[in-house]
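The values are calculated or read from the model by the stated rules, or taken from the named source; none is laboratory data. None of these values were measured; they are calculated from a predicted model. Every residue, glycine as well, gets a Cβ built from its backbone with ideal geometry; the counts of neighbours run over all protein chains shown.
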Amino acid sequence: MNHRIVAVPDAVRARAHIDEAKYKAWYDASINDPEGFWREHGKRIDWFKPYTRVKETSFGPDNVSIRWFADGITNVAHNCIDRHLASRGDQVAIIWEGDDPADTRRITYRELHAQVGRMANVLRNRGVAKGDRVTIYLPMIPEAAVAMLACARLGAIHSVVFGGFSPDSLAGRIQGCASRLIITADEGLRGGRTVPLKANVDAAIARLPADSVDHVIVVRRTGGAVAMEPGRDVYYDAAAREVTEECPAAHVEAEHPLFLLYTSGSTGQPKGVVHTTGGYLVYAAMTHQYVFDYHEGDVYWCTADVGWVTGHSYIVYGPLANGATTLMFEGIPTYPSVARFWEVVDKHQVSIFYTAPTAIRSLMSAGAEPVQRTSRASLRILGSVGEPINPEAWEWYYRVVGEERCPIVDTWWQTETGGILISPLPGATPLKPGSATRPFFGVKPVVVDGDNRVLEGACEGNLCLDESWPGQMRTVWGDHARFVQTYFSTFPGRYFSGDGCRRDEDGDYWITGRVDDVINVSGHRMGTAEVESALVAHPQVSEAAVVGYPHSLKGQGIYAYVTLMQGVEPSEALRKELVAWVRREIGPIASPDLIQFAPGLPKTRSGKIMRRILRKIAEDDFAALGDTSTLADPAVVDDLIENRQNRA
Ligand code: 6R9
C-alpha cells in the first residue's frame, strides 16, 4: 500500500527531546530490559522513600497482578505542585478560559498549592481520610483540578463523573464505590446554557438508600439558586473560609489507588477502572513530555473534559507533574463562534493543542475562513485522541489549522491504559494520516487472530499488549475477577484492548475501531448493552438491540432496533419519547440517533441476537449480510431491511 508520508520537519527534530535514533535506542532498551529502563525513568518524580522494586507484573493465565515501584512512597499532589514551588512558584499552572470569552483566570503554582491545601482541609474536616472515595461532579472550572489534587493530597480516591451524565448514571457511580462525599457546583455553563449539576446530585441521592451520602460540597459557579439540605450541603466558599491552606501531603505507597474512573464495556454496567499512584504518574508525565515534545515555556491545551481519562492524564496529572502551564476550557468549540478554539489559541499563545477528531470534523464543516481569521502562529504541535481520525479530517487539521508546520500526534490509548500507548513522537516519527504509528517506550503491541495466534509482519487482527507498562489499570473496583475476565481471558496471557488494528509493512499501526460491543460516539465510549438496558426499562419496550453505524460528524451514531410490547403501536411520538427516555436514563451522549421499530429481531435458534446482521443493516451493507440460514426466523431480516431508518 502507498501511504502519504509526512517527514519529520528539520526544525522540529532539531529541538525535540527524542529523534529517530534515540527513539530506537530507548525503545529497544525498554523492551529488552524493562526493569532497568523503568528503574531509571521512575526517578522522574519525587519519592519520599525511593523504590527498590520495579516491575512485578503477570498477565496470567493463572494470576493477573500488576505492581510497579511497589515499595516506593510518594504523593501525587506533592509531585504536581509542591516540588515546583521553589523553582516556579510564580509560573502559571492553570490558565482557565471560561465559557464566556470575557471570563479568564490564571492560577500560579503557589496559588494552586494554597487552593488545594484549603480544599483538602475542607474534605478532611468532613472525615475524608486515606482510601476514602470522593465523587467529583463538576464543570470544567479550576476547582475540578483542585478537588482531584486535594483528594490526592489526602490519599483519598477520587471518582470524577462527567457533568453530562444523568442522575441515574451518577447514582450508580456513587453507589458503585460507596463514596459518602460529593463535590459539585450549583450549575455548569456550556455554550451559554446552564447545566443543573446540583439538582442532578439531589436527584441521584434520592435514588440511593437513605444516609448513603454524608456531605455535598457546592462550588458556586453561576450563582443560580439551588436547594441546600441543612447538615448535608455546604457551599465551598463558606467551608473554605473556616480552614487554613496548610495541609501536609499524605505519604502513600506507589500502589495506593489514586482514582477510579467508570467506563463502558461490552457487557453489563460501567466498571470502575482503578489507577494507582506511582506508576500512573511516571507514565502520564513521561508520555506528556515526549509525545507532545513538551518544553519549558510551552502553553499546553487539551480540550477534553476532566470527566474522561484524557482530562485526568493530559489536563491535570501529566502536565502538572511536568511543571507545565495547562489550559482548561469550560466551553464548547462553536460558542460564541466556530472560531473559538483558534481565538483561544491566539489569546493565550497556545503552542501544543490536543483535541478529538469529532471536534475537527464539526469545525471542518464550517470551512477554512473562521480558522484563517486567526493567526495560530504560536502553535507547534497538534494532537488527536478518542477515535480513529479519518484522512480528510487529518489533512484539514494539518493544512488549515497547522499550516503544514505542525506535526499531528495521533495518540491511541484507553481509560484502562492510563496514558498514551501508540503515537508518533514529533521529532522521531514520520507521519501517516490515519495511523497512530509506533508504540511508546515499554509498550509491546501484538496482533493476534481469533485463535490467539500471533500475526507477523503486515497483518490485520486484534490488538493486544504483551508487556505491562507503569500506567496500566490495576483492577476493576471491587471486582478483580471481572478485570481478569474482561481483559485477559479472550486471549489468555495477554491484555486485549477490544480494538482491531492493521499493521503495515513499515510496522506502523492503524487502529480500525472496536471489535466488541462498544461504540464510539463523538469520542465517547458507550456500551451498546447500557443503551439497550435503558430502552428495555421503558414500559412499552419489550426488546432492544443497539449497534453503531458510520456517522459523518460523530464517527459512529447510535442505531437502536426496538420491539414494542404487544398491542403498542409504533409512532413518531413514541420514537421521540424513547430518545428523551435514554437521555434521561444515561445522559445526552447516549441519545439514539435512529430508532427502528421492528416486529422481531434476528436471533439464532438458541435465542442469541445476531448483531452482525443488525450492524450490516445499519451500515446499509445489505450485500454483506452473510449466512442468515441459521436464524430462527429468516423472514425478520426482510422486514428489517425494508423499514430501515435513513442515516444522517
Ligand atoms: C483515551 C480514550 C478508548 C477507545 C479505544 C479506541 C478509541 C482512542 C484513538 C482511538 C483510534 C486513536 N481510540 N484513541 N481509536 N485512534 N488515536 O479515548 O479513552 O474513552 O477509554 O476510549 O477509543 O477504540 O479503545 P476511552
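Residues of region 608-648 being out of contact with any strand residue (DSSP E or B) (no Cβ under 7 Å at 6 or more places or on another chain) and farther than 29 Å from residue 583 by Cα, which ones?
Answer for region 608-648, where residues must be out of contact with any strand residue (DSSP E or B) (no Cβ under 7 Å at 6 or more places or on another chain) and farther than 29 Å from residue 583 by Cα: 622, 623, 624, 625, 626, 627, 628, 629, 633, 634, 635, 638.
Touching a helix residue (DSSP H, G or I) at 6+ places or on another chain (Cβ under 8 Å), part of a loop (DSSP other than H, G, I, E, B) and surrounded by 22 or more Cβ atoms within 10 Å (Cβ to Cβ): is that true of residue 433 in this structure? Give the steps one after another, and end with the answer.
Working: touching a helix residue (DSSP H, G or I) at 6+ places or on another chain (Cβ under 8 Å): yes; part of a loop (DSSP other than H, G, I, E, B): yes; surrounded by 22 or more Cβ atoms within 10 Å (Cβ to Cβ): no.
When the stated conditions are applied, residue 433 does not pass them.
Just for region 410-442: of the residues that are touching a Leu at 6+ places or on another chain (Cβ under 7 Å) and within 9 Å of the ligand (Cβ to nearest atom), which one is farthest from residue 394 (Cα to Cα)?
Filtering region 410-442 for residues that are touching a Leu at 6+ places or on another chain (Cβ under 7 Å) and within 9 Å of the ligand (Cβ to nearest atom), the one farthest from residue 394 (Cα to Cα) comes out as 415.
Among the candidates 16, 11, 77, which residue alone is in contact with a Pro (Cβ under 7 Å, 6 or more places away or on another chain) and either at positive phi or not hydroxyl-bearing (Ser, Thr, Tyr) (or both)? So that I can check it myself, show each step before the final result.
Numbers: 11 fails: in contact with a Pro (Cβ under 7 Å, 6 or more places away or on another chain); 77 fails: in contact with a Pro (Cβ under 7 Å, 6 or more places away or on another chain).
None of the others qualify; the one that does is 16.
Within region 275-384, considering only helices (runs of 4 or more DSSP H) that don't extend past its boundaries, which have at least 1 residues that are of a type in the set (A, V, I, L, M), under 30 Å from residue 68 (Cα atoms) and within 22 Å of the chain's Cα centre (by Cα)? Before you say what the answer is, go through the steps one by one.
Values: elements: 278-291, 318-321, 340-348, 357-364, 369-372.
Where helices (runs of 4 or more DSSP H) fall fully within region 275-384 and carry at least 1 residues being of a type in the set (A, V, I, L, M), under 30 Å from residue 68 (Cα atoms) and within 22 Å of the chain's Cα centre (by Cα), they are 278-291, 318-321.
Would you check if there is a residue in region 504-513 being surrounded by 17 or more Cβ atoms within 10 Å (Cβ to Cβ), within 15 Å of the ligand (Cβ to nearest atom) and under 30 Å from residue 256 (Cα atoms)?
No; the residues of region 504-513 include none that is surrounded by 17 or more Cβ atoms within 10 Å (Cβ to Cβ), within 15 Å of the ligand (Cβ to nearest atom) and under 30 Å from residue 256 (Cα atoms).
Taking strands (runs of 3 or more DSSP E) that fall entirely within region 85-138, which contain at least 3 residues that are within 23 Å of residue 348 (Cβ to Cβ) and in contact (Cβ under 8 Å) with a residue 40 or more places away in the chain?
Working: elements: 92-97, 104-108, 133-137.
Per the criteria, 92-97.
Any residue in region 481-488 that is of a type in the set (A, V, I, L, M) and touching a Gly at 6+ places or on another chain (Cβ under 8 Å)?
At the first step, the residues of region 481-488 found to be of a type in the set (A, V, I, L, M) are 481, 484.
Checking which are touching a Gly at 6+ places or on another chain (Cβ under 8 Å) leaves us with 484.
Yes - at least one qualifying residue is present in region 481-488.
Mind checking which residues of region 361-405 are away from the ligand (no atom under 16 Å from the Cβ), touching a residue at least 40 places away in the same chain (Cβ under 8 Å) and touching a helix residue (DSSP H, G or I) at 6+ places or on another chain (Cβ under 9 Å)?
378, 380, 401, 405
So residue 416 ticks every box in (1) more than 22 Å from residue 345 (Cα to Cα); (2) in a loop (DSSP other than H, G, I, E, B) but one. Which box is left unticked?
(2)
Quick one: which of 76, 8 is under 30 Å from residue 475 (Cα atoms) and modelled with pLDDT of 95 or more? Please lay out each step first, then the result.
On the way: 8 fails: under 30 Å from residue 475 (Cα atoms).
After ruling out the rest, the residue left standing is 76.
Which numbered condition in (1) within 13 Å of the ligand (Cβ to nearest atom); (2) surrounded by fewer than 16 Cβ atoms within 10 Å (Cβ to Cβ); (3) among the charged types (D, E, K, R) is the only one that residue 453 fails?
Only one criterion in (1) within 13 Å of the ligand (Cβ to nearest atom); (2) surrounded by fewer than 16 Cβ atoms within 10 Å (Cβ to Cβ); (3) among the charged types (D, E, K, R) is unmet by residue 453, namely (1).
Picking from 521, 484, which residue would you name as being surrounded by fewer than 22 Cβ atoms within 10 Å (Cβ to Cβ), farther than 28 Å from residue 53 by Cα and of a type in the set (Val, Ile, Thr)? Working first, answer last.
Details: 484 fails: farther than 28 Å from residue 53 by Cα.
Of 521, 484, the one residue that is surrounded by fewer than 22 Cβ atoms within 10 Å (Cβ to Cβ), farther than 28 Å from residue 53 by Cα and of a type in the set (Val, Ile, Thr) is 521.
Being farther than 22 Å from residue 445 by Cβ and assigned to a helix (DSSP H, G or I) is the requirement here; does residue 11 meet it? Lay out the reasoning, then the answer.
Values: farther than 22 Å from residue 445 by Cβ: yes; assigned to a helix (DSSP H, G or I): yes.
So residue 11 passes the test.
Given 326, 277, 263, 334, which one is in contact (Cβ under 8 Å) with a residue 40 or more places away in the chain, away from the ligand (no atom under 14 Å from the Cβ) and either closer than 25 Å to residue 179 by Cβ or among the basic types (Lys, Arg) (or both)?
Details: 326 fails: either closer than 25 Å to residue 179 by Cβ or among the basic types (Lys, Arg) (or both); 263 fails: away from the ligand (no atom under 14 Å from the Cβ); 334 fails: either closer than 25 Å to residue 179 by Cβ or among the basic types (Lys, Arg) (or both).
None of the others qualify; the one that does is 277.
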